[in-house]
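The values are calculated or read from the model by the stated rules, or taken from the named source; none is laboratory data. Just so it is clear, the structure is predicted and the values come from calculations on it, not from any experiment. With ideal geometry, Cβ positions are generated from the backbone for all residues, glycine too; neighbour counts draw on all protein chains shown. In case anyone asks, the SASA skips ligands and DNA or RNA and just uses the protein heavy atoms, side chains included. Shrake-Rupley method; radii C 1.70, N 1.55, O 1.52, S 1.80 Å.
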Amino acid sequence: MRRRVGIGAIQQQQIAAEKLKDKGTDLQESQLEQMTKQMEVFREKLEEFSISHKQDIKKNAQFRKQFQEMCAAIGVDPLASGKGFWSVLGMGDFYYELGVQVVEVCLASNHKTGGLMELNELRRRLIAARGQSAVHQEITNEDILMATKKLSIFGNGFVVHKLGKGKYIVQSIPGELSMEETTILTLASDTEQGCVTHNMLMEQLGWPDYRARQSLDKVIGEGLCWIDEQDTEPSYWFPSLFPGRTTQLSA
Amino acid sequence: MTDFQWPWEYTFPPFFTLQPHEETRQQQLNVWSELFLKYLKHLNKFTVNINEGSFPLYYNESLNRRLSPSMILQILQKLQSTGHAQPLDKKRQEWQVYWHTLEEYGNMIYDWIQETGQTGSVCTLYEIANGESTEDKEFHGIDENVLVNVLRLLEDKGRCELIEMDGSYGVKFF
């Protein structure tokens, strides 16, 4: 016997769909509940963790690095607020303190560096400034970068420039570095002595004569570099990138 | 004598070229002035000539960079403005340079005279500059020409009197 299409079948289908929907909502609700519970547990654990590991956060650079990576992976900025969820860790305090020290160190040597300091040098000076207990306060370049990036909220007085190949330079004078200046800095940081010439800009960057001349005049005009006129062609030197300066510092 | 410890700037090639940027130039001249005084003190040298081309202070041989005479003159003029140098000839080629100002030297010598109770007695310039009893003093080894200038200054203040004897000087302190 052939079954005919009847109203009963349609009704049954509707009922089945409704049941499924209800079941779905149930499931969603219980999942949400579970999630909330899990989050609460997580938070509790995090607090427990922070109480027992507070010292590690201050002392262990490796730990901070992993923590930062974790936060980045889940899209959380642990420094966004001093009052938020993550503040229990005391992570913020560590970086705020470091930030203040970065400002102090940079301003103290502005007159010598022209307002530019290479990240490694900044680190050495910071460690020196943090005093004898430096063994307990190991800080990495990542830490400084993190702290320094936070300083950018004060306007353009503090900016970190990436010069490629893991090299960074911290600018501690107000003013924007133009694209040209950043490019020149990058080129200089790739040389052994930290200097560039007019010809280098033309050959290695493919810049036309006037562009190279103009940008060099600009870096000189802003006091970022020194000129040496006793070679076959004038060369432009960045004290912040000159290796001889820092070898004597550490000696 | 131990080797002189050059500052890092001495190995920085543009340090030998006068900088066009105002602030950088001031910074550069400050470092040079300090270096001049330190180096000359190290050598215990009190006179310099602008045209002494191979003098290590003006010429970094390994770097092949040198100060131009006009830049040396600028540095010396800066030192003159703080009382640490003065020209010896009208063309300003030959200069007297001293670690302490004449005033400072004067006070040191006068203090020493009082400490050792030599007021009222006459001593020779050699005693002051090279005598055994001044060996631990800052002014020991002072150039005699500079010393005469220092004593002239004290004389103006009425603290001593220079006496010329057979072409050399003696001095009486009050």
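Counting only protein chains, not ligands or nucleic acids, how are B:W8, B:W32 ordered by accessible area (probe 1.4 Å), most first?
Accessible-area ranking of B:W8, B:W32, largest first: B:W8, B:W32.
Ordering A:Y210, A:Y96 by accessible area with a probe of 1.4 Å, largest first, what comes out?
Correct descending sequence by accessible area is A:Y210, A:Y96.
In terms of modelled amide H atoms, which long-range or inter-chain residues lie less than 5 Å from the amide H of B:T47?
B:V97
Show which lysines lie in cross-link reach of A:K23 when reach means a straight Cα distance below 22 angstrom and same-chain residues fewer than eight apart are skipped.
Output for A:K23: A:K37.
For the range A:19-25, what does the Karplus curve 6.51 cos²θ - 1.76 cosθ + 1.60, with θ = phi - 60°, yield as ³J(HN,Hα) per residue in whole Hz, taken in order and with x for Gly and Pro?
Here the 3J(HN,Hα) series is 4, 4, 4, 4, 4, x, 4 Hz.
Let me know the mean shielding of B:17-24 by other chains, meaning the per-residue number of their Cβ atoms within 10 Å of its Cβ.
Averaged over the peptide's residues, the number is 6.
What figure, in Å² to the nearest 10, do you get for the accessible area of A:M39 with a 1.4 Å probe and non-protein molecules left out?
100
For the range B:102-173, with only Lys/Arg (+1) and Asp/Glu (-1) charged at the beta-carbon, what is the dipole magnitude about the Cα centre, in debye rounded to 20?
For the range B:102-173, the charge dipole is close to 260 debye.
Enter the accessible area of B:R66 (Å², nearest 10), with the probe set to 1.4 Å and all protein chains included.
Ignoring ligands and nucleic acids, B:R66 comes out at about 100 Å².
With all distinct Cα pairs included, what does the Kirkwood hydrodynamic radius of the range B:8-97 come out to in Å, to one decimal, could you say?
Result for the range B:8-97 stands at 13.3 Å.
Apply the Karplus parameterisation 6.51 cos²θ - 1.76 cosθ + 1.60, with θ equal to phi minus 60°, to every residue of the range A:229-241 and state each ³J(HN,Hα) to the nearest whole Hz, in sequence, with x for glycine and proline.
9, 9, 10, 4, 9, x, 10, 10, 10, 9, x, 5, 10
Chain B: percent of C-alpha pairs farther apart than 25 Å?
Summing the P(r) of chain B above 25 Å gives 41 percent of all pairs.
Could you check how many percent of all C-alpha pairs in the range A:177-250 are farther apart than 18 Å?
Roughly 34 percent, once rounded to a whole number.
With N set to the residue count of the range B:102-173, report its C-alpha Rg divided by 2.2 N^0.38 Å to two decimal places.
0.97
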